[in-house]
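Structure, as structure tokens:
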Amino acid sequence: MDQKAQEKSARQKLLESIIEAGNKAFNPEQPESLRGQATRDFDDLIQRQAQPSDRYFRTKTLNILGALNVLVRQGAVPEWLRARLMEKLTLVPLRPDGVRATLEFVFSVHPSSTVKVSEAAVPQKRGANITHEALGIASNLLSTPPTKVTPETWYSIIAPQLLVLLDGGEGQELVKAASYIIGFGILGRKASGAPGTAGWKFLAEPMLNTIKPPPGFSNEAGSGADEVIDMSRERVLIPPSDLTTALRRLHSLIISHPNPGLCKRLLSPLLFPLWALGSWPDASPSATGEICTPAMKLLEIYLRLTPSPGLILLLAQNLGYLGGHDRSNPEWIYNATKDGQLQIVDTRECMGSRGGGAPLVKLEDIDTKTPRLVDLITFTLSDADISTAFLDLLKRWLKSARSQKGGNILVKEDDEQDPITQLAEIKVLQAMMEKFPEKLATQPKHILDLVSQILSTSTDSPSADDEVTSVALSLLNMVVTVPGFQKSRVDPSILALIESSLAHLSKSLTPHLSLTANNLRLLLLYRDEIDPTIPPSFYSHHSPNRRSQNSLPCDILHHSPRLPRGGGLGEVPDFSEDVTEEERRRNEVLERIVEGWEIEREVEKGILRRAAVLFVLSFVRALEEARGREELGFGFGRKAQEDVMRTLRYVAETDNDGLVVQHARDVVESLENWQVVRLLPAEGNQQPVLGGGLTRLVGLEIDSERSVAAQGDVKSRPRIEEIE
């Protein structure tokens, strides 16, 4: 007899055995005295095995499901037996492998399924074999407890089986099936999925409480009465393996069954824990992949579902969160083992060198976490939300900075902050200003309004509040230098207040404030005159291969076969004339900007230095556009050129701001090209000849036939060629 025939014979014997045992146990015509033992035999047949001597007669869960499914059909057995068999069928999920067997059986016998019966016991790892109709039936069977079983009993048994399927060991198809049953069938229903219900208790809380232990949590697993406790080590509440499992299951549930409402309910209590784990510094590669990365992905999902500047403010205030419910005295904290794995340890018991109290946050950790928070903001919030979050943080910092100085900036009162929290908020503010100033300037009206308040109050006693005033000047510079800014669009009253405040501050006795204020006053004065063709990309990091448009003439000179290698172009003539009053004022502007670079060396003043570089570039472009006109009105003499070039080269080599360095190099290149072009005679409004005008230097002709031909001149001229 082949294997298929043996299996068929075994199934038939199982059907006959169930009918026979059921008839003895539940037939009304059977004597009552015989039913007790017969009922126990029937239960044993269903739960374990009927006849151990028969090697083919094993009542595995899948076989029991198949047999009971056949017998409960209408007319297959008497009604008094059918009711008993139906009861046993509904209790199959309570067996140790009941959930998995129920799923596989439904998917194999449902008419819409493409899973073959022979594949039912094999993990479904290929293709979408499970149809929505079959999944709905399976969910109905497992989501609601039978009448005679309490929700506590039902979910306490099936929940661990469903959670294990989320691990992925049985195949991704069953991960999706388990996620659907948990998310839609159980936690998605108020009766079984609301906090306090049995479904929430046995499905949600095991994951949530492992990631964030509740108050009074105590993990007694593995600790016996006779166990020797090493008092030199911290007491571990959640080992790395359990933390990894909880995050993996929660991540699988969230991404396999998208349900915005459920995601918010599951993830909202974990805002700080997910941040702490996702941004953990110096984690091992395995911890990064199994704990940090899933935690950060879950946090990103939550912030995308609930984009709120207030949440960013909370994260900034808790940048160094390490665990617990009480920040001043946490009950537990996240902790790294010697090999870089992450775990949760108890801080309530004094073990080893650690006692109670708040955990110490390393300053270098704040520096590491700050850019990660800024990246998280970039991925999850809109530009408007980013700007709002920045303003909220800024107002909090202003309130803190001026609380002891009697400042009158109107900000909402908050509780006192600890120094670490204040430092974290300042770091985030600084990082946001450096990372995306164009996003922060999406609400320029609010920023300029706040700046006007700060600067107007600073004019009374600027030296008493240098820090706040410096930040206000940086904010003003950030808004003014963003591409697309137009002074004409600013509220006239706010603009007038800012301009008057800058004029007052430029006369301050504090050197760096007066110089910065005066530079900004001049920048604001000429802002609308800056070349509007400067692309927005000029304000961002340039690639190493980027070349400015003004570099083209130098390229032509470099590749020209007619010019001697290493040969100079001769001494550059001095085009300066008698210094007029207008020229003196213009040069004074440049000199002040150049002098400012020698003072404003701080990282936070980088935006101001960027604007200064751009101002010089605009000035040089204005000179070039005005070249050849009869009444120029001002010039750019050799001494001024040398001073500006020397300073720009120094800035390009030493500045600590990448954008300032790149901008300075671009302007140096443009100035060098401008000096070359100045060698050419003015052409007025004539069209440039072939080669961009570089074929005709003063006193020298290069490739005269081409230049003459281009001008329609048929007269032959000598050719100058290099002779080795």
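The values are calculated or read from the model by the stated rules, or taken from the named source; none is laboratory data. If you're wondering where the values come from, they're calculated on a predicted model, not measured in any experiment. A quick note on method: Cβ atoms are made from the backbone with ideal geometry, for glycine too, and the neighbour counts reach across all protein chains shown. Accessible surface areas use protein heavy atoms only, side chains included; no ligands, DNA or RNA. Shrake-Rupley method; radii C 1.70, N 1.55, O 1.52, S 1.80 Å.
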task: Go through segment 68-98 residue by residue and tally those that are open to solvent by less than 60 Å² (accessible area, probe 1.4 Å) and under 53 Å from the mean Cα position of the chain (by Cα).
output: 11
statement: Restricting segment 280-313 to residues that are touching a Phe, Trp or Tyr at 6+ places or on another chain (Cβ under 9 Å) and open to solvent by 50 Å² or more (accessible area, probe 1.4 Å), the one modelled with the lowest pLDDT turns out to be Arg304
- request: Could you list all residues from segment 256-270 that are of a type in the set (A, V, I, L, M, F, W, C) and surrounded by 20 or more Cβ atoms within 10 Å (Cβ to Cβ)?
  value: Cys263, Leu266, Leu267, Leu270
message: I need every pair where a residue in segment 39-64 that is farther than 14 Å from Ile19 by Cα and open to solvent by less than 50 Å² (accessible area, probe 1.4 Å) has its Cβ under 8 Å from the Cβ of a residue that is of a type in the set (Ser, Thr, Tyr) and at pLDDT 65 or above, sequence separation at least 6 or different chains.
response: Phe57/Ser17
query: Out of the residues in segment 358-369 that are at pLDDT below 75 and in contact with a Pro (Cβ under 9 Å, 6 or more places away or on another chain), which is most open to solvent (accessible area, probe 1.4 Å)?
result: Ala358
task: Out of the residues in segment 370-404 that are open to solvent by 10 Å² or more (accessible area, probe 1.4 Å), in contact (Cβ under 8 Å) with a residue 60 or more places away in the chain and aliphatic (A, V, I, L, M), state the one that is nearest to Leu303 (Cα to Cα).
output: Leu381
Which numbered condition Ala401 fails, given (1) part of a helix (DSSP H, G or I); (2) at pLDDT below 80; (3) over 25 Å from Asp657 (Cβ atoms): (3)
message: Between Ser268, Ser223, Ser241, Ser256, which is of a type in the set (S, T, N, Q), farther than 26 Å from Pro145 by Cα and modelled with pLDDT under 90?
response: Ser223
- prompt: In segment 244-255, which residues are touching a residue at least 60 places away in the same chain (Cβ under 8 Å) and open to solvent by 40 Å² or more (accessible area, probe 1.4 Å)?
  reply: Arg248, Arg249
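Among the residues that make up segment 651-665, is at least one of them over 36 Å from the mean Cα position of the chain (by Cα) and either at negative phi or modelled with pLDDT under 75 (or both)? Spell out how you get there, then give the answer.
We begin by selecting, within segment 651-665, every residue over 36 Å from the mean Cα position of the chain (by Cα); these are none.
Scanning segment 651-665, I find no residue that is over 36 Å from the mean Cα position of the chain (by Cα) and either at negative phi or modelled with pLDDT under 75 (or both), so the answer is no.
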